[in-house]
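What follows draws every value from the coordinates through simple rules; no lab data is involved. In this text the structure is predicted, and so the values were computed from the model without any measurement. All Cβ positions, even for glycine, are placed from backbone atoms using ideal geometry, and neighbour counts span all protein chains on display.
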Amino acid sequence: MRKVTLALALALAATAAHAADKSSPPPPAPPAPAPAPVLRITGFATPEGVVYDDANDRYLVSNINGTPLAKDNNGFIAVVSPEGKMVTEKWIAGGAGGVTLHAPKGMAIDRGVLFVSDIDVVRTFDLKTGAPKGDIELTGATFANDVAADTKAHRIYVSDSGMKAGKEGFDGTGTDGVWVIEGMSAKLFFANKELGRPNGLWVQGKDLYINFFGSADVAKLDAKKGKVEVTAAPAGGGDGLFVAADGTVLTSSWAGSAVFKGKLGGTFAPMVQNVSAPADFAVDTKRNRLVVPRFNDHAVEVFEMK
């Protein structure tokens with residue numbers, strides 16, 4: 001009798017252990033290693049934006065060279081080759097050749113003209129020579145940030161993040177909005193002081209996409225309805241933005257130290273991780289590469305897109 005009881009007890013114990021094993025979730029898999037950059041280019045001074053000039057197969061990099069709101073006329077645009085060579089450090093430079101350029105940030109190209117945001121104005125330059133072609137005032141804007149081109153309608157959109165220098169970081173100014181430029185004149189496309197510090201812009205087809213430095217939102221923006229089709233990325237501090245023809249969105253996040261990939265109405269996941277202060281990136285469409293300015297590290301990193 002004693003042997004039967006012991007055998008039964010052992011069997012019951014084994015059954016219970018097996019059931020516990022089945023009910024307990026397996027340990028989480030270790031996170032996949034963050035992809036390493038294929039190129040790291042240094043020699044910049046607070047790089048904020050990159051645009052891929054596909055006509056000339058080169059990267060143009062805006063350098064604030066100081067603080068984002070200082071009107072010190074020492075900002076510059078650098079030319080970098082896709083192989084990672086600094087071709088011309090100060091191709092366009094404030095204080096040289098009749099150029100005024102304080103704190104250049106977002107850039108876009110349309111019809112052989114480079115458009116560059118600069119605090120409260122958009123400056124235009126000849127894409128071949130770098131010669132200045134005139135300024136477009138954004139009267140009332142306080143933090144002109146990203147620039148996006150509608151190359152079919154030849155409209156240029158500019159975000160105003162509505163910020164000013166504060167005791168700790170930035171304070172809001174209430175000028176949050178998006179401007180539209182046609183010809184050499186600008187007007188407000190949409191303005192709302194509660195917009196959330198609009199930053200990255202991208203035109204895809206007839207849609208204007210936008211992200212926000214003050215939130216994790218990625219959205220389409222309509223002049224009458226405001227934000228439409230809003231989806232939150234995993235972390236906020238939105239900066240760079242790119243939208244592919246199929247609606248795939250890439251958005252960089254300062255809070256997440258990442259570039260996230262996803263679609264509106266779906267979920268976003270990291271494509272590039274462990275990149276602190278990823279600013280206004282570009283996509284090299286010829287090589288399928290992501291070109292990310294590292295704002296605080298004075299560098300630009302290039303990643304393969306998968």
Rounded to whole Hz, the Karplus (6.51, -1.76, 1.60) HN-Hα couplings of region 85-100, x for glycine and proline: 8, 6, 6, 9, 5, 10, 5, 10, 9, x, x, 10, x, x, 8, 10
Helical contribution to [θ] at 222 nm, DSSP H n ≥ 4, -39,500 (n - 2.57), averaged over the chain, rounded to 500: -2500 deg cm²/dmol
Label-point separation, residue 154 to residue 223 (7 Å along Cα→Cβ), nm: 1.8
In Hz, Karplus ³J(HN,Hα) per residue of region 115-122 (6.51, -1.76, 1.60; θ = phi - 60°; x = Gly, Pro): 9, 10, 6, 8, 6, 9, 8, 10
Entries in 133/164; 105/187; 206/261; 206/306; 85/261 that, when Cα-Cα distance is taken, lie over 23 Å: 133/164; 206/306; 85/261
Top positive-direction residue, dipole computed over the chain with Cβ charges, set 240, 119, 59: 240
For 280, 297, order by how many other beta-carbon atoms lie within 10 Å, fewest first: 297, 280
Descending principal axes extents, the chain, alpha-carbon based, whole Å: 104, 45, 42
Alpha-carbon gyration tensor eigenvalues x 5, square-rooted, for region 201-277, Å: 20, 13, 10
Sequence-distant residues sharing a close amide H with residue 110 (under 5 Å, placed H): 115
HN-Hα J in Hz across region 275-280 - Karplus 6.51, -1.76, 1.60, θ = phi - 60°, x for Gly and Pro: 10, 5, 6, x, 8, 7
Equivalent ellipsoid, region 129-241 (semi-axes from 5 times Cα gyration tensor eigenvalues, Å): 22, 18, 13
Shape category assigned to region 89-182 from the gyration tensor of Cα positions, a/c cut at 1.5: oblate
Ascending count of other beta-carbon atoms within 10 Å, so fewest first, for 161, 252, 276, 257: 276, 257, 161, 252
Total charge dipole magnitude, region 47-304, about the Cα centre, Cβ charges on Lys, Arg, Asp, Glu only, Debye to nearest 20: 320
Loop-exposed GluC sites (Glu not before Pro) per DSSP, neighbour cap 10 Cβ within 10 angstrom, longest uninterrupted part of the chain: 195-306
